[in-house]
Amino acid sequence: MDQTAQFAETVRRAAVDAPVPTCPEWTLSQLVEHVGQTQHWVASIVEKRVSDPSQIPTSFAALPADQDAWPSWLADGASLLAAACVDAGPDAPVWNPAGDARSGTRFWLPRVLAETIIHRADAAATADVAYQLDAELAAGAVSDHLAMMTSPGAGGEHLRRGGQPGR
């Protein structure tokens, strides 16, 4: 939740329509929407113990129009996810799109943390502020990314297509 709070603080420092230089197709509001919707969406998957990918939620939490409401919306998503993972436990049979041996919460917690860490860097670039990250968190995000890229699921397609993006 600390990374989400830092992300929320960083996005307050830039205009909602500012282009994100590290995500050329996105504005700041689209970046915030992505992070918040991911957290809310995964919280729902874990909370409902969705194990069949055909049952994953198809609706997404709406980004508040008011930039001042973003921090609480982001905090709510992170809190919902943390509570769902604690309630489910580390070995809950929850859908893992990587298709590897990690159980649902063992997959989702590091995945969402890595997403938040990476997009906090994107937000810092957009707001033109310094970005710092603890070495252990950075190593965890790199490990998560490598696990996704080499997984038997959709993420693994990236490497199997001769380096071309899987999506």
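The values are calculated or read from the model by the stated rules, or taken from the named source; none is laboratory data. If you're wondering where the values come from, they're calculated on a predicted model, not measured in any experiment. Backbone-built Cβ (ideal geometry, glycine too); neighbour counts: all protein chains shown. Side chains included, ligands, DNA and RNA excluded: accessible areas come from the protein's heavy atoms. Shrake-Rupley method; radii C 1.70, N 1.55, O 1.52, S 1.80 Å.
For the chain, the percent of C-alpha pairs falling in each 10 Å distance bin, counted from 0 to the bin holding the largest distance, reads 10, 36, 38, 15, 0.
So if we plug the beta-carbon distance of L146 and T58 into 1/(1 + (r/R0)^6) with R0 = 30 Å, what FRET efficiency do we get, rounded to 0.05?
Numbers: r = 29 Å, r/R0 = 0.98.
Calculated transfer efficiency: 0.55.
Given Cα pairs under 8 Å that are at least 6 residues apart, what percent is the relative contact order of the chain? Please list the in-between numbers first.
Details: 233 pairs, mean separation 43.3, N = 167.
Normalised by residue count, the contact order of the chain is 26 percent.
Between the alpha-carbon centres of segment 127-147 and segment 57-75 there is a gap of 24 Å. Using only side-chain charges placed at the Cβ, +1 for Lys and Arg and -1 for Asp and Glu, the dipole size of the chain relative to its Cα centre rounds to 500 debye. What is the extension gain from A5 to Y131, computed as 0.36 nm multiplied by their sequence separation minus the C-alpha to C-alpha distance, in nm to one decimal? 44.0 nm is the gain from fully extending A5 to Y131. Going by amide H atoms built from the backbone, whose H comes under 5 Å of the H on S151, apart from near neighbours? Long-range HN contacts for S151: G156. Between the residues L74, W41, V86, the greatest Cα displacement towards the positive end of the dipole of segment 1-159, with unit charges on the Cβ of Lys, Arg, Asp and Glu, is found for V86.
Let me make sure I get this right: for segment 67-159, a, b and c are the square roots of the gyration tensor eigenvalues over alpha carbons, sorted descending. Under 1.5 in a/c it's rounded, otherwise prolate if a/b > b/c, else oblate. Which is it?
Working: a/c = 2.14, a/b = 1.28, b/c = 1.68.
Taking the square roots of the gyration eigenvalues as a ≥ b ≥ c, segment 67-159 is oblate.
Surface composition of the chain: carbon and sulfur atoms hold 56% of the protein heavy-atom accessible area at a 1.4 Å probe.
Once you keep just the Cα pairs under 8 angstrom separated by 6 or more residues, what percentage relative contact order results for segment 1-87? Walk me through the numbers on the way to the answer.
On the way: 88 pairs, mean separation 32.4, N = 87.
For segment 1-87, the relative contact order is 37 percent.
Here the extension length gained between D100 and A75 equals 6.1 nm, from 0.36 nm per residue of separation less the Cα-Cα distance.
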